[in-house]
Amino acid sequence: MVEYRVTLDNIQKITKFVHIMSNSDYQADLICGHSVINARSLLGLLSLNFASPLTMRIYSDDASDLLRHLDVVLET
């Protein structure tokens with residue numbers, strides 16, 4: 001399991017993120033405070049508070065191919 005900080009501060013990033021996650025084979029969640037949302041759920045993501053930091057938890061030890069697609073939303 002690995003965790004990364006993500007920034008989803010506009011609807012374009014949210015929809016792109018959900019599209020990438022929906023087409024991947026990885027299971028991942030987004031965590032915001034006490035809320036844990038499936039990363040493939042557009043409605044779930046829209047219910048989050050985007051003013052708070054988001055953490056993406058990927059249930060795999062190596063997700064480098066997925067991370068290349070998500071470079072636009074990952075915090076560096």
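None of the figures in this text is laboratory data; all of them are computed from the coordinates on show. These figures come from a predicted structure and were not determined experimentally. Methodologically, a virtual Cβ is constructed for each residue, glycine included, from the backbone with ideal geometry; neighbour enumeration extends over all protein chains shown.
See the values below:
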item: Helix-derived mean residue ellipticity, 222 nm - over the chain, DSSP H n ≥ 4, -39500 (n - 2.57), to 500; result: -8000 deg cm²/dmol
item: 0 to 90° range, to nearest 10: angle between helix 11-22 axis and the chain longest Cα axis; result: 40
item: Candidate values [x] 1.23; [y] 0.93; [z] 0.90, label of the one derived for Rg/Rh (Cα atoms, Kirkwood Rh); result: [z]
item: Packing-based ranking, highest mean first, of 27-39, 62-74 given that Cβ atoms within 10 Å are counted; result: 27-39, 62-74
item: Ranking of Phe50, Phe17 by count of other Cβ atoms within 10 Å, fewest first; result: Phe50, Phe17
